[in-house]
Amino acid sequence: MSAAPRVTVAALVALALLEFLWGAFLAPLPGARWLALKALPLAILVPGVARGGGRARQWLALLAPFYFAEALVRAATEPGRYAIVASLAATIALVAFAAVLAWLRSERR
């Protein structure tokens with residue numbers, strides 16, 4: 001087994017966990033703790049991606065850029081620890097996206 005599937009699953013789990021913690025505890029927007037629910041689509045994808053399901057990996061490849069973009073905007077516009085958490089989320093989203101694309105490409109051959 002190549003490294004791409006393991007990195008994809010690890011990055012997906014890390015991103016789902018960070019998105020939940022980010023919205024709920026680490027850097028919540030005032031009065032918007034419900035934004036922690038943005039981790040739900042990622043959590044739903046975890047079992048399918050862990051099994052190697054093609055449809056779940058396609059959904060991850062579709063969703064990861066949106067999580068990256070949101071984190072990048074918040075990293076650029078928010079101060080202090082909020083920017084640090086957002087930068088970490090952007091990095092993990094980028095790793096997940098690159099890993100899932102590498103996984104899909106390796107299967108194509």
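The values are calculated or read from the model by the stated rules, or taken from the named source; none is laboratory data. Everything numeric here is computed off the predicted structure, so don't read it as measured data. Counting neighbours? That spans all protein chains shown, and the Cβs are built from the backbone with ideal geometry, glycine included. For the accessible areas, the whole protein counts, side chains as well, though only heavy atoms, and no ligand, DNA or RNA atoms are used. Shrake-Rupley method; radii C 1.70, N 1.55, O 1.52, S 1.80 Å.
What about residue 90, is it open to solvent by less than 90 Å² (accessible area, probe 1.4 Å), among the hydrophobic types (A, V, I, L, M, F, W, C) and farther than 22 Å from residue 7 by Cβ? Quick ask: steps written out before the conclusion?
Values: open to solvent by less than 90 Å² (accessible area, probe 1.4 Å): yes; among the hydrophobic types (A, V, I, L, M, F, W, C): yes; farther than 22 Å from residue 7 by Cβ: no.
Against the criterion (open to solvent by less than 90 Å² (accessible area, probe 1.4 Å), among the hydrophobic types (A, V, I, L, M, F, W, C) and farther than 22 Å from residue 7 by Cβ), residue 90 does not qualify.
Just the residues that are assigned to a loop (DSSP other than H, G, I, E, B) and without any contact (Cβ under 8 Å) to a residue 40 or more places away in the chain, please, taken from the stretch 27-60.
Matches in the stretch 27-60: 28, 29, 30, 31, 32, 53.
Name the pairs whose Cβ atoms lie under 7 Å apart, with the first residue in the stretch 1-26 and of a type in the set (Ser, Thr, Tyr), the second open to solvent by less than 60 Å² (accessible area, probe 1.4 Å) and at pLDDT 90 or above, and 6 or more positions between them or separate chains?
Hits for this filter: 2/106; 8/49; 8/96; 8/99; 8/100; 8/103.
To keep it simple, each residue is scored yes or no on (1) surrounded by fewer than 16 Cβ atoms within 10 Å (Cβ to Cβ); (2) more than 16 Å from the chain's Cα centre (by Cα).
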| residue | (1), (2) |
| --- | --- |
| 20 | no, no |
| 28 | no, yes |
| 37 | yes, no |
| 42 | no, no |
| 49 | no, no |
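Across the stretch 51-86, what is the total count of residues that are at pLDDT below 95, basic (Lys, Arg) and crowded, with 19+ Cβ neighbours inside 10 Å?
Total satisfying the criteria: 1.
Tally the residues that are hydroxyl-bearing (Ser, Thr, Tyr) and under 11 Å from the mean Cα position of the chain (by Cα), restricting the search to the stretch 68-109.
1
Spot the failing condition for residue 63; the list is (1) out of contact with any Pro (no Cβ under 7 Å at 6 or more places or on another chain); (2) assigned to a helix (DSSP H, G or I); (3) of a type outside the set (Val, Ile, Thr), and only one is missed.
Residue 63 satisfies every listed condition except (1).
Assuming residue 15 fulfils every condition listed in (1) part of a helix (DSSP H, G or I); (2) exposed (fewer than 13 other Cβ atoms within 10 Å of the Cβ) apart from one, which condition is it?
Condition (2) is where residue 15 drops out.
Which pairs turn up if I take residues in the stretch 81-109 that are without any contact (Cβ under 8 Å) to a residue 40 or more places away in the chain and part of a helix (DSSP H, G or I) and look for partners that are buried (at least 18 other Cβ atoms within 10 Å of the Cβ) and of a type in the set (Phe, Trp, Tyr) with beta carbon separation below 7 Å, at least 6 apart in sequence or on another chain?
Within 7 Å, the pairs are 90/68; 94/68; 97/68.
Exactly one of these conditions fails for residue 43: (1) of a type in the set (Gly, Ala, Ser); (2) closer than 19 Å to residue 103 by Cα; (3) modelled with pLDDT of 95 or more. Give me its number.
(2)
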